Amino acid sequence: MTSVIPPGSTIGVLGGGQLGRMLTTTARKMGYQVHTFSPEKDTPTGQVANLAVSASYEDLDALRGFASQVQVVTLEFENIPIKAIDAVESLAPVRPSGTALQIAQQRTREKNFLANHGFPTVPFASAVTLDELQKAVKSIGTPVVIKTAEFGYDGKGQHQVSTLADVENIWNAIGHREVLVEKFVSLQSEVSVIAARGLDGTIAEYMLFKNCHRNHILDVATAPADVDKSIAVRAVEIARGILDQLQYFGVLCVEYFITTGGDLLVNELAPRTHNSGHLTLEACATSQFEQQVRAICGLPLGSTELLQPAAMANLLGDLWVEGEPNWAAAELFPEVKLHLYGKKDPRRGRKMGHLTALGRTTEEAKQSVMSARKAVLS
């Protein structure tokens, strides 16, 4: 018998970004209170939470004080020190657990976990010295991608290498840090599965999302993904296997490569809601954010039915180069929904918001969000 944390209770969120913001607005609609903890002030999450605590993740006393006022804690990004999670877990359940977070936040541990449990990945090796790095590149064979083992997302800390002569320069550029070396593979497409596992072990997954990137940052996501049915089925099977193997509670995103040869390979795990799933807010019976609340609070998982083909387009800080975008132009598209995250500093490459649209077909929805995004620059 699982212990239900009912509406009226307080959910704690570690992190203050847009994922926490959308989780918070959803949780509050469901009757929950939400407290957020972040080193920054005036965060996207803090702007809509019942209480925003601003303190360092190194401040364990502040974390314990935060945890003592909530019934459950969840994550909105993964780069949180494990000792911070340990401090919180001493007073409130953290879902997903520190164990799952520790695996997902470090690329070498993540790849070893996947390989050791039989989940498909690209050929890889790790290195902590220049000599090990050179040997790894020789063993795998160029071209390869060298990635810093920690603190990498949206393409940060990644370098493609075509010749051995480039290896030492890259080693110096990344500051002699532990790295993961992966075989560069030719891609047909990139896709993701977002799934939730409840406290009773029940799993519910969304349909496959197709993800198009620009400069290593997600640009447009569409659903349903136009891939072979056998690949979609296999992707779900793998995601379910990962959730069970981790004994995971909450929402997890599994990102995949589909190679030009038709192989399905796990790229990365995100132990939280995910950018590719933002379209579930309008397109699905239960959004990924409501599903996260349900999963961590012991409620029955909701339906993941796709109500209509959908698309999502990111709004990056680049759109602000010549001033505030013309949001009224986007609103001229009646099928398009605008989401802004309340961030004050629109830097290039920074996710400031997104647009979603439904359509009779996936392509129709995609064209709608792309046209609306183009219109805001008018």
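Before moving on, here are some points about what is shown:
- Any hit, the stretch 284-291, residues being more than 14 Å from the chain's Cα centre (by Cα), farther than 30 Å from Pro7 by Cα, part of a loop (DSSP other than H, G, I, E, B) and of a type outside the set (A, V, I, L, M): no
- The set of residues in the stretch 144-173 that are at pLDDT 90 or above and in a loop (DSSP other than H, G, I, E, B) comprises Ala149, Ser162, Thr163.
- Flag if Glu268 is part of a strand (DSSP E or B) and not hydrophobic (A, V, I, L, M, F, W, C): yes
- Any hit, the stretch 295-309, residues being touching a residue at least 60 places away in the same chain (Cβ under 8 Å), farther than 23 Å from Gly250 by Cβ and under 22 Å from the mean Cα position of the chain (by Cα): yes
- Thr129 modelled with pLDDT under 95 and not assigned by TED's automatic domain parsing to the domain that holds Leu60: no
- Every pair of residues 6+ apart whose Cβ atoms lie under 9 Å, when the first sits in the stretch 96-113 and is hydrophobic (A, V, I, L, M, F, W, C) while the second is part of a loop (DSSP other than H, G, I, E, B) and modelled with pLDDT under 95: Leu101/Glu78; Leu101/Ile80; Ala104/Glu78
- Subset of the stretch 34-83 (residues that are within 28 Å of Glu110 (Cα to Cα) and of a type in the set (Val, Ile, Thr)): Thr36, Thr45, Val72, Val73, Thr74, Ile80, Ile82
- Taken over the stretch 44-66, the criterion of being without any contact (Cβ under 8 Å) to a residue 40 or more places away in the chain and polar (S, T, N, Q) is satisfied by Thr45, Ser54, Ser56.
- Filter pass, Ala195 being in a strand (DSSP E or B), surrounded by fewer than 22 Cβ atoms within 10 Å (Cβ to Cβ) and in the same structural domain as Leu306 (by TED's automatic domain parsing): no
- Meets criteria (assigned by TED's automatic domain parsing to the domain that holds Arg350 and either at pLDDT below 95 or surrounded by fewer than 18 Cβ atoms within 10 Å (Cβ to Cβ) (or both)) for Ser230: yes
- Any hit, the stretch 266-273, residues being of a type in the set (Ser, Thr, Tyr), within 17 Å of Arg197 (Cβ to Cβ) and more than 20 Å from the chain's Cα centre (by Cα): no
- Residues within the stretch 9-30 that are touching a Gly at 6+ places or on another chain (Cβ under 6 Å) and either aromatic (Phe, Trp, Tyr) or more than 18 Å from Lys351 (Cα to Cα) (or both), tallied: 1
- Residue match in the stretch 329-341 (condition: under 24 Å from the mean Cα position of the chain (by Cα), more than 30 Å from Pro7 (Cα to Cα) and not polar (S, T, N, Q)): yes
The values are calculated or read from the model by the stated rules, or taken from the named source; none is laboratory data. In this text the structure is predicted, and so the values were computed from the model without any measurement. When we count neighbours, we look across all protein chains shown, and the Cβ atoms used for this are built from the backbone with ideal geometry, even at glycine.
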